[in-house]
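So the structure is just underneath, and the comments pick up after that.
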Amino acid sequence: MRKTLSLLLATMALAGLAYLVLFPPTPQAGEAKDLGSALPLASGTAVAASAGQGGQAIEASAQRRSQRVAIERPSETAVLRGSVRLAKGGQPVAGVEVRALSRHPAFAEIELRFREILTKGFWVRQEMPEVEVLATTISKADGSFELEGLPPGRVFLDARSASYYSKSYPAARLAGGDAEGGVELLLSPGSQVVGTVSGPDGQPVAGARVILRPDVSSFLEQITKRSYRWFEVSSDAEGNYAFPGVPPGQDYAILAAGPGMAPAEARDVDLAPGQRVTRHLRGARGAKIVGTVRYASGAPARGAIAGFVYLDLSRILFTAGKGNLVETDAEGRFVLENVGPGQVAVTSMVDGMGLAEPQRLFISEGGVFETELVLGEGYALEGRVVDEQERPLAGASVTVRSFERPMGLDLSVITQLRPIKVTSNADGKFVVQGLSASRLFVTAEKSGYLEARESFRHREGQKDELVLKMGKGRFLSGRVVDQEGKAITRFRVRHRPENDGRRRRFGAPRWARPQRHPNPYTKRAPWSQPGEEELRAADGRFRIGPLAATKWRVSVEAEGFLPSPAQSVEVKLEEDPQELSFKLDRGATVRGRVLSKAGQQPIADVQVTWRKDREPRRLGFLPIKIDAQPEDMDFMALSSAMSVRSTLTDSKGRFELTGLPRDTELRLTARHPEYAKGNVRKLKLDQNSATRELTIEMSQGGKILGFVRGLDGRPVASTTVMALSIGAGVMRSGTTDQRGYYQIDALDPGNYMVIKTKADSFSSRLLQEIMGNLRFKSTSVKEGRESRVDIEDRSVDGVDLVGTVSEGGKPVPRAIITLLGQDKGGPFGVGVRSGTADEAGRFSIASVPPGKYLARLTRFTRSRPVPASLSLQVPKGVSRHRVKLVFPSAEISGVVVGPKGEVVKGVRVRAIADDDRPTPGGLLGAMSELGGRERGRSNAEGRFHIRRLSPGRYRLRAEARGKAADHYGSAELGNISIAEGQQLDGVRMVLPEAAVLSGVVVDGRGQAVVGAVVRVIRDKGERKAIDVAEASSRRAELRSMVQQMRASARSDAKGRFRLRGIALGSWNLEVEKSGLSTTRVEGVVLGRNSPEQRIVMLRGARVQVRVRDIDGSMVALGRVRVLNSKGQEVGKRKSLASVLGTLFRKKNEKDEAWMDFGTLAPDTYTLEVTQKKDGKTTLHKTQRVLREGEDAKWDLSLKELLQKD
């Protein structure tokens, strides 16, 4: 559960980080009309693109681009043909600019900006880059277009029109000489944003950079609706700017930066289809930063470079520009002008010296702010460049880049992006001076050699020396044929090192990144992914390289064929590898249409994906089954461009998938942001059928809607609300309007978590705001129904928590404080608030609801974050509460031994709070039981060390890991008290002897049962009956449930299970599997050489029970037991899973009163109901007969029970 919650929190956090990295009615019939028209076109009639201000800008841009040669073309280029049509109706659209790009159009500008900063660094005066357009044209009267001169590789298409936008961006994989057709660009009604940029004096600003993007509050909504787009243009000579074809949505933000002005902004821009919105931006003069740069000796640094960085995500990209970086004068003085209000970090650099420690300033409009910067000494990195025979290489260009981890989300780390280049001497040696970052990324380049790349970590007190080995590499050749031996002329070759482990390499996203200087020895496509070649050869032969001397895995793909198995080949220096041979099997083809379930109308722009059909699987111990695929999170339909598994439907809803495997059950899934998912399951293509026609239906699904209000009932606008179904694999998002209202459509039926957060993209604490304003609720969604979920925003109208964080009497700068508290309105029972300390260790967290919290403190070192935990209580009846948080310093250490006194290595020891300190209950208590406050691990001598403990009483739990779990069980040691700063040593943890309990689970026919949950329970007689009242927050019961979860396993594909670390003695086994009866095996004696268990499960029936009082209300106090015909108690225990099951149901859901006893075997059962009333306990009994396969709901009333008594 701890990992699951962390995953959800990380999802929200990464959404904020993704923001950093990715960031009209139908025309009339007849002749082409303005796109603002509201009547439908006759079938087959072309639509003309509007020629308003946005249209003129597009046409002028296309003309300028056609007059310049932006890229060197290979000798053999490709041609791409297609048409532009409306997504709804399919009418052709004329006069639309069609562009071929090397990057995904939705992210092209933002990716390029960050790539420039990452490669060139912060300290280079640079113009803002423009996206490279490979080719451009205008669609004709029938909507057709043709793009010529395209280079080999992957090419993305984009359509630009004044009032239309493209929801999806088709991509083509091209080889030299290709001439492909049939591509459709589908347009949806969009909006226009126009305006002017003027300076402080009111005069227009020419050449200002203007950005239009969804604000952080609507980022997730735009992404999940497949309508995210980052736009960037420059103002013309009169200061005008225009953004044509903007996806409709709310909470857009516009930013502009130009000479002589601080960045200007316009926020809360809402756009409707067909709307034209005007926003005039006027920049203020801003503030000045004046300062002095000195050496460590105190002497002024003449000619040093000084600059600043905005510490908020909205403006950080405006930091890199000509006006920011200035040189100091003879006295080391500098002046930075036109600085916008907010928090900034100021620093300086000189070649050969370390960077000055960044100074943080809070800027206000029109002010003058002074600072003094002291340059660091830095350290030197020495190294050598050698070839594969260890011979020195002279003249190699060595580049060193910072790879420092930020302390929290400290954006000042961008100032450390400072590439330093040197050249190796005759001995291959090089020296790089003035380094300050502890983590570096080093590359070496030399003509005729493969690039060398190494990561490096500097540690104080050590001599830094690095060896970069460069090789010339070898070439791989091969041939691709079909099963008849005929050459396959068009194919794709993939290759990667065997030891690559599929890990991402360092750098910005690799997809669609153009190689500026393709290797001259190969025809490798410059716009393909690394290790991927698009090739055309009449004889099916290929030659790729040069490749480094190592083992490679090479595979081949071709349209209409099954991918080849990867072949392993070793590239050696002394000889060319043997020619590879690939024989591909032709796959099956599936064609069809995607239609709306209601009106049977074709749906365009649907991403259709095939995968092998698998049964839903259970996520750990959670009471939900996962029926999700990777493409469920592919909101922008990238899979259709990057994978052979997916494709997009055309304007008539048609699709075609080729190269599918036969004799395997497949699942086809259709995804569209305006519909719930459509599926075709158990699709099997036999060897005799080459093509299959089918239809996929999509429904409107259900919706979640409601209001977000503060504790005082006031509406909260611009709040992000996300609906997440782990089981169904669905995530959608919405944004609240001025009324606090939100609505999330097109949801698959199922159980959902509704997650709310709120943040300001202009804040320097964006990540903390996202994490600190999380609120979780739950609901269920049904087809065609609305589910209302109103959310109380606890980030307003609570108690303002202020204080300090210290350690050893000194403040802890930039520490992160995260409060985890019980939130009974949420599915996890956890509320999250967060804040960050300043340089003096001071922090404030606004509007914290009163209650008990687990405070997680995190401080940062240069190498890693250091966490610790404290208990905290926020009182009621106050508006402000001050606390002093002291970083815990108590420690517990000792030794872990076995039953004979032998030391045991690799044992995890956890410290779990075991006193009356303020601690939230619910799931947070379960997390504490599972993970403990802090943990340690025993070393080779059996010693363990647990640090950063707060004062109090603890219980230690030791669990053997790895191979040790085959021989040792777990041990607990309680009643350990420590004081502040105490270092308790000499604790001895003795692990009991244990063994492995293994076996197989089969059904009545002897077939393996996959995914059965096997639990071991101590054989200690009667089990506790199921309480009708909820008791999940009780510590003793919670501890029991956690122990149940630990002593469990799941059967594999062969039905086998293996439980490790089970203490010797007598145990009962309980086995559960959906659709089969719960099976209990009693009295299993586990010894050192116990035989394997064979457990047989029969097809049973699900049993649910509820008890109503005489007046029809639910019985609140009592318990229920179910006994089989042998008098044995059966049914599910009060387990952690059953408690968590209630968290995923809506509080007012009708089925809440039903108690689930799981799947039982057919039998006659006795139900015992024990009722407590007026101090007396009464026992009632009744019987029910359970038949095979039925879904039994036994609704008991006390009236019936009294009559039977």
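Every number here is computed from the coordinates shown, using simple stated rules; none is lab data. These figures come from a predicted structure and were not determined experimentally. In this analysis, Cβ positions are derived from the backbone assuming ideal geometry, glycine residues included, and neighbour counts consider all displayed protein chains.
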Next on the checklist: Rounded, prolate or oblate for the range 597-698? Axes are the square roots of the Cα gyration tensor eigenvalues, ordered a ≥ b ≥ c, and the cut-off for rounded is a/c under 1.5.
Outcome noted: oblate
Item to check | the range 1051-1078-the range 963-991 distance, computed between alpha-carbon centres (Å) | outcome: 29
Checklist entry - How big is the gap, in Å, between the Cα center of the range 298-362 and the Cα center of the range 77-134? => result 32
Checklist entry - aspartates and glutamates near Lys1172 by alpha-carbon distance under 16 Å, same-chain residues fewer than 8 away left out - which ones? => result Asp1027, Glu1030, Asp1109
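Under a Cβ-Cβ cut-off of 9 Å, what is the net charge of the residues other than Pro419 that fall near it, where Lys and Arg count +1 and Asp and Glu count -1? Kindly include the intermediate steps, with their values, before the conclusion.
Working: positive: Lys120, Arg401, Arg418, Lys421; negative: none.
Summing Lys and Arg as +1 and Asp and Glu as -1 gives +4.
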Checklist entry - aspartates and glutamates near Lys572 by alpha-carbon distance under 15 Å, same-chain residues fewer than 8 away left out - which ones? => result Asp387, Glu388, Glu498
Checklist entry - Using 1/(1 + (r/R0)^6) with R0 = 25 angstrom and r between the beta carbons of Asp351 and Glu130, what's the FRET efficiency to the nearest 0.05? => result 0.25
Checklist entry - Given the Cα-Cα distance of Arg457 and Thr1177 and 0.36 nm per residue of separation, how much length would full extension add, in nm? => result 252.3 nm
Item to check | Counted charge near Lys472, where neighbours are those whose Cβ lies closer than 15 Å (Asp, Glu -1; Lys, Arg +1) | outcome: -3
Next on the checklist: Quick query: amide H of Gly999 versus all other amide H atoms, modeled in the peptide plane; which residues come in under 5 Å with a sequence gap of 5 or more or a different chain?
Outcome noted: Phe1057, Gln1093
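Subtract the Cα-Cα distance of Thr695 and Glu1190 from 0.36 nm times their separation in residues, and report this length gain in nm to one decimal.
Here the answer is 174.9 nm.
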Checklist entry - With each pseudo-label sitting 7 Å past Cα toward Cβ, what's the Arg953-Gln1104 distance in nm, one decimal? => result 4.2
Next on the checklist: With a cut-off of 8 Å between alpha carbons and a minimum separation of six or more residues, what is the relative contact order of the range 379-469 in percent?
Outcome noted: 39
Checklist outcome for this item: Taking a ≥ b ≥ c as the square roots of the eigenvalues of the Cα gyration tensor, with a/c under 1.5 meaning rounded and otherwise prolate when a/b exceeds b/c and oblate if not, the range 287-374 is prolate
Item to check | Least to most buried among Tyr1165, Tyr853 (fewest other Cβ within 10 Å first) | outcome: Tyr1165, Tyr853
Checklist outcome for this item: Checked the range 170-250 against the a/c 1.5 cut and the a/b vs b/c comparison, axes a ≥ b ≥ c from its Cα gyration tensor; verdict oblate
Checklist entry - How do Trp1154, Trp610 rank when sorted from fewest to most other Cβ atoms within 10 Å of their own Cβ? => result Trp1154, Trp610
Next on the checklist: Relative contact order of the range 1046-1101, please, whole-number percent, based on alpha carbon pairs below 8 angstrom and at least 6 residues apart.
Outcome noted: 29
Checklist outcome for this item: In this structure, the FRET efficiency calculated for Ser1090 and Glu615 from their beta-carbon separation, with R0 = 41 Å, to the nearest 0.05, is 0.85
Checklist entry - Taking the Cβ of Gly1055 as the center, what net charge do the other residues with Cβ under 11 Å away carry, scoring Lys and Arg +1 and Asp and Glu -1? => result +3
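Of Lys288/Lys884; Lys777/Lys876; Lys612/Lys756, which sit over 29 Å apart, Cα to Cα?
Lys288/Lys884; Lys612/Lys756
Compute, for the range 634-736, the length of the dipole vector about the Cα centre, with Cβ point charges of +1 (Lys, Arg) and -1 (Asp, Glu) only. Units Debye, rounded to 20.
Result for the range 634-736 is approximately 200 debye, rounded to the nearest 20.
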Next on the checklist: So for the range 171-328, averaging the separation of alpha carbon pairs under 8 Å that are six or more residues apart and normalising by length, what relative contact order in percent results?
Outcome noted: 24
Checklist entry - Tell me, what ³J(HN,Hα) does each residue in the range 447-458 have, in order and in whole Hz, if you take phi through Karplus 6.51 cos²θ - 1.76 cosθ + 1.60 with θ = phi - 60° and put x for Gly and Pro? => result 4, x, 10, 6, 5, 9, 9, 9, 9, 9, 10, 8
Checklist entry - Can you list the HN-Hα couplings for the range 870-885, worked out from phi with the Karplus curve (6.51, -1.76, 1.60; θ = phi - 60°), rounded to whole Hz and with x for Gly and Pro? => result 9, 9, 8, 10, 9, x, 8, x, 10, 9, 8, 9, 9, 9, 10, 9
Checklist outcome for this item: Counting only residues 5 or more apart in sequence or on a different chain, those whose built amide H sits under 5 Å from that of Leu584 are Val481, Asp482, Gln483
Next on the checklist: Order these by the 10 Å Cβ neighbour count, fewest first: Ser699, Ser564, Ser139.
Outcome noted: Ser699, Ser564, Ser139
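Which entries of Lys682/Lys1193; Lys625/Lys782; Lys652/Lys684; Lys486/Lys551; Lys677/Lys1073 show an alpha-carbon separation above 19 angstrom in the structure shown? Present the calculation step by step, with values, prior to reporting the outcome.
Numbers: Lys682/Lys1193 31 Å; Lys625/Lys782 17 Å; Lys652/Lys684 25 Å; Lys486/Lys551 29 Å; Lys677/Lys1073 27 Å.
In this structure, Lys682/Lys1193; Lys652/Lys684; Lys486/Lys551; Lys677/Lys1073 exceed 19 Å between Cα atoms.
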